[in-house]
Amino acid sequence: MLISQVSGLALDATRARSGGQNLVCNAIFGGPGQRWKITPSEKGTYTVRSVSDHVHYLSMNERAEDGWQPWFKSSVEGMGQRWEFKGLR
């Protein structure tokens with residue numbers, strides 16, 4: 001699970017009424033939408049997929065700004081699906 005150190009909430013890939021997936025933060029309950037497959041990629045980056053949906057990757061594009069929300073995309077097409085994990089000190 002990916003847990004916020006600020007709120008203690010889990011990143012959750014819930015099913016939206018439209019059939020797609022939305023990313024939200026919810027209380028920890030350990031369901032499939034809160035479990036993630038993190039796979040090493042290239043140059044120290046990783047791809048991230050929800051365990052509840054093995055096809056779609058967590059995505060963002062180069063036009064992202066503060067407040068934008070990531071989404072899911074069915075293929076890895078470059079750096080938009082690559083993520084870094086960094087610790088803050």
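So which residues in segment 43-60 are surrounded by 13 or more Cβ atoms within 10 Å (Cβ to Cβ) and of a type in the set (Val, Ile, Thr)?
Residues of segment 43-60 surrounded by 13 or more Cβ atoms within 10 Å (Cβ to Cβ): 45-53, 56-60.
Listed by number, the residues that qualify are 45, 47, 48, 51.
Which of the residues belonging to segment 63-89 are in a strand (DSSP E or B) and within 15 Å of residue 24 (Cα to Cα)?
Taking segment 63-89 and keeping what is in a strand (DSSP E or B), we get 71-73, 83.
Matches in segment 63-89: 71, 72.
Every read-out reported here was derived from the displayed coordinates using simple, explicitly stated rules and does not represent laboratory data. Source: prediction; values computed, not measured. Cβ coordinates were reconstructed from backbone atoms using ideal geometry, including for glycine residues, and neighbour counts include every protein chain displayed.
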